[in-house]
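Down below is the structure, laid out as structure tokens.
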Amino acid sequence: MRTKKVKLPQEKKKGSANKRSGGYIFKAGVKKWTISIVRGLLIFGLCFMIIQPMLTRFSMSLMQEKDLYDSTVVLLPRNVTLDNYRIVFDLTTFPKSMINTVWVSFLVSVLQVAACTLVGYGFARYNFPLKKLWFACVVAIIVIPPQTIATPLFLHFREFDVLGIFHSLTGEPYNMLGSITPYALMSITCMGLKNGLYIYMLRQYFQGIPKSLEEAAFVDGCSTLRTFTKIMLPDAMPTVLSCFLFSFVWQWTDLFYTRNFIPYNTTTPMYSTELSSILTRMSRYFAADANVAVVVPPARQQQLVSIGVLVCCIPLIILYIFTQRTFVESIAMSGSKE
Amino acid sequence: MMARKKKDKSQRWTLSDSISALIPINDNFDTMRSRNARTGILFILPLIIGFLMFELGPLIQSLSMSLSTVTLIPGQGYQLTWNSFYNYQYAMSVDPYFNEYLVQELGRMAANSIATLVLSFVIAVILNQKFKGRTVARAIFFLPVILASGVLPGIESQLTFNMLQGVSDEIAESSGVNISGALQDLLSVSGVGSGVFTVLFDMIDAIYDIIMASGIQIIVFLSGLSAISPSLYEAADVEGCTAWEAFWKITFPMVCPLLLVNAIYTIIDFFMKNDNQVIEWINNRMTRGFYGPSTAMSWIYFGVALAFIGVASAIISRGVSHYEN
């Protein structure tokens, strides 16, 4: 009896609250639902458009060769096999090339982002002679495609010498190619892939942070470096992280710098170069004799290339899922906003 | 405004100022301003070293190439003979396609970059909201960044026959369903503003390409949006601000600095695309041995790109307010 009595007024109250508000609660509910349905449709549609080729690739990757020519097999494989993956791993010297790529990408992107953060901060906060000229240089790095400077750089690193030091020591210039040194050098001096963009992004972000934060730190006797690492850097973490992410991804799939500065050899294969030559290697792989190239059927070619692309993407997506959490969490970390 | 201008003038670096700020033995060395200048230079030192070491030489070489006739000497490289601006003249008035391609690409770029910016901003705002499956959606929208980078776009175009492409085309053809085509027919019957419609429908048809080109922009906007403190919205809500007003008064101004970054990135991305007709043409001329004219063309192309970026950033930075100003 008692419970009934308690329940009834509550239900009444819910309806009457809506009535008393002049239908506001009902309207707000409808609005909320409409927005989320429209949003859901939009996101689903766009996501589907992006992911559909990936799903097709994935299902294709599991098919046996005969399924590829069977016109009744469209979306799902009839004879599931993982053998294709094994072939692609063989073709791209898989674990080795991937480990190399992880290591190089990580090193290069950390160096690049560290250097770019410093430079971006310098541009955002300090006034020094020729500032406009140096900033024009940043824009120039963004605009000038790396292809234009590739050949001179290649020669530069083959006969690397600073003020003739190496020449006087060993009698010949120092050949840097084939190791990671040229890469690391270019990364730490902001000359890597799209580094101008990172400088620009970070400068833009640092300019948006109120100056009073640093002034307060200065008054309290905080040194420049400490202000940078303890106040500015935590605040800029989302931007720094996204730069790191871009840098990592671009490095991961980069062919241009990799091919030029880490010339192909069997001891340090990189995944991107392996992937780019997968087609020619495929035709040798399927030949009985190692010196004769056979023509691999187009469908088979596409299947194996698709697997290569999938394998290339998966680690990056996993990395993104982890870092994007930090994007969100970094709100709590960020300092005051005026 | 007046006060700000005056301040700017006092902060300008004259030659004697800059030299005395760097040399220890004088009065100007230990002022706050000189000290700050030295710290600033220290911060951008990596860039200075990098630019001087790796970028300047090749740039000068390329510039001198564009201003001279290049003759190849077998076994010894090449020889440059100064011919002043002949190569530029050649690129602009003699070369049959360069002008045409340049104008075409500029038009395409202007339309596409605006579409990319708007779309990526809308998507970023949606992805920043809380809903079920947000992590998955964000991960999916990250895919374009990967798929449009480095080796990946090229590798599948090498294939003699692309099944992914083939199948979707076939479906569209056989089923006869072409929604945007039907809509276009319907709307253009009225005959009003058909030019605008054509541009619009071209964009709708190219939506896959636009999404693929907007991966970076979405992430940049997202990183900006996620840095906006929720307390701002709470305060606005308490004051009776509607969501629409909050969007224009809080979200938009807070993300505005990133708008500039994204606009510039988008423009450059379009300029550098491999399927860009101008770049293809420059490469074509280069391989056919027109070294001088092709470097001149690429310099003209840089110039145009810089001008475009300049105009875009001038327009956008009008609306962007920095805290320092």
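The values are calculated or read from the model by the stated rules, or taken from the named source; none is laboratory data. Just so it is clear, the model here is predicted, and its values are computed rather than measured. Note that each Cβ is placed from the backbone with ideal geometry, even for glycine, and that neighbours are counted across all protein chains shown. When the accessible area is computed, the model is the full protein with side chains, heavy atoms only, and any ligands, DNA or RNA have been set aside. Shrake-Rupley method; radii C 1.70, N 1.55, O 1.52, S 1.80 Å.
Worth a mention:
- Hey, B:Ala246 within 22 Å of B:Val122 (Cα to Cα), among the small types (Gly, Ala, Ser) and within 20 Å of the chain's Cα centre (by Cα) or not: no
- Any hit, the range A:51-67, residues being surrounded by 13 or more Cβ atoms within 10 Å (Cβ to Cβ), more than 23 Å from B:Pro144 (Cα to Cα) and in contact with an Asp or Glu (Cβ under 6 Å, 6 or more places away or on another chain): no
- Among the residues listed as A:Leu202, A:Leu197, A:Leu233, the single one being out of contact with any His (no Cβ under 8 Å at 6 or more places or on another chain) and surrounded by fewer than 23 Cβ atoms within 10 Å (Cβ to Cβ): A:Leu233
- Count - residues of the range A:128-138 that are at pLDDT below 85 and facing chain B (nearest Cβ under 7 Å): 2
- Flag for A:Phe48 being within 14 Å of chain B (Cβ to nearest Cβ), in contact (Cβ under 8 Å) with a residue 40 or more places away in the chain and open to solvent by 90 Å² or more (accessible area, probe 1.4 Å): no
- Some residue of the range A:73-95 being within 13 Å of chain B (Cβ to nearest Cβ) and surrounded by fewer than 16 Cβ atoms within 10 Å (Cβ to Cβ): yes
- Subset tally (residues that are among the β-branched types (Val, Ile, Thr) and open to solvent by 60 Å² or more (accessible area, probe 1.4 Å)) for the range A:96-107: 2
- Residues in the range B:205-251 that are outside any helix (DSSP H, G or I) and farther than 18 Å from B:Ala137 by Cβ: B:Ala206, B:Ala227, B:Ile228, B:Ser229, B:Glu239, B:Gly240, B:Cys241, B:Thr242.
- Any chance A:Phe322 is modelled with pLDDT of 80 or more, open to solvent by 70 Å² or more (accessible area, probe 1.4 Å) and of a type in the set (Phe, Trp, Tyr): yes
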